[in-house]
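The values are calculated or read from the model by the stated rules, or taken from the named source; none is laboratory data. It should be emphasised that the depicted structure is a prediction, and the values quoted were computed from it without experimental measurement. Cβ: placed from backbone, ideal geometry, glycine included. Neighbour counts: every protein chain shown. Heavy atoms of the whole protein, side chains included, go into the accessibility calculation; ligands, DNA and RNA do not. Shrake-Rupley method; radii C 1.70, N 1.55, O 1.52, S 1.80 Å.
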Amino acid sequence: QRLKAAVHYTVGCLCQEVEEDKDVQFSKQSIAAISEITFRQCEIFAKDLEMFARHAKRTTVTTEDVKLLARRSNSLLKYITQKSEELASSNMEQKEKKKKKSSAAKGQRTPGEQEAAVTENEDSNMA
């Protein structure tokens, strides 16, 4: 019920934005109908995503499942693909930062730092 209420609230907020932008009015009944349709469609999406994962013998829904669900809407698929790639690159950057922090905390050097240290030692030996 709380989820349904949250969907109804969000639909109401979106309808208000459209009202302001497009100078139209939504009745309470139309907002309720849009909310109900949205909620039911989300339930269908959730079941489909679960089935896609189960078909692939997984228990976790992945971004590939979501892309498969969105395949009929080119713009939505493009948006999801773009966001998925952004998240993946962001996650890679965070992993790199963590790796550098943990090696620095342990007193270890990254490969680039090791090269610099070797070059520095060679330079001082030549002098």
Cβ-Cβ distance below 9 Å, separation of 6 or more or different chains: which pairs start in the stretch 86-103 with a residue that is within 17 Å of THR63 (Cβ to Cβ) and end on one that is part of a helix (DSSP H, G or I)?
LEU87/THR63; ALA88/THR63
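Looking at SER84, is it open to solvent by less than 100 Å² (accessible area, probe 1.4 Å), at pLDDT 90 or above, under 17 Å from GLU64 (Cβ atoms) and of a type in the set (Ser, Thr, Tyr)?
Taking the combined requirement at face value, the residue satisfies it.
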If you check SER90, SER103, which single one turns out to be surrounded by 13 or more Cβ atoms within 10 Å (Cβ to Cβ), of a type in the set (Gly, Ala, Ser), part of a helix (DSSP H, G or I) and at pLDDT below 95?
SER103
As an exercise: evaluate ILE31 against (1) in a helix (DSSP H, G or I); (2) at pLDDT 95 or above; (3) out of contact with any Gly (no Cβ under 6 Å at 6 or more places or on another chain) and give the number of the one condition it does not meet.
(3)
Is the stretch 20-40 home to any residue that is within 23 Å of the chain's Cα centre (by Cα), under 24 Å from LEU87 (Cα atoms) and loosely packed, with under 14 Cβ neighbours inside 10 Å?
no
Single residue of ARG40, ARG71 found to be not in a helix (DSSP H, G or I) and not aliphatic (A, V, I, L, M)
ARG71
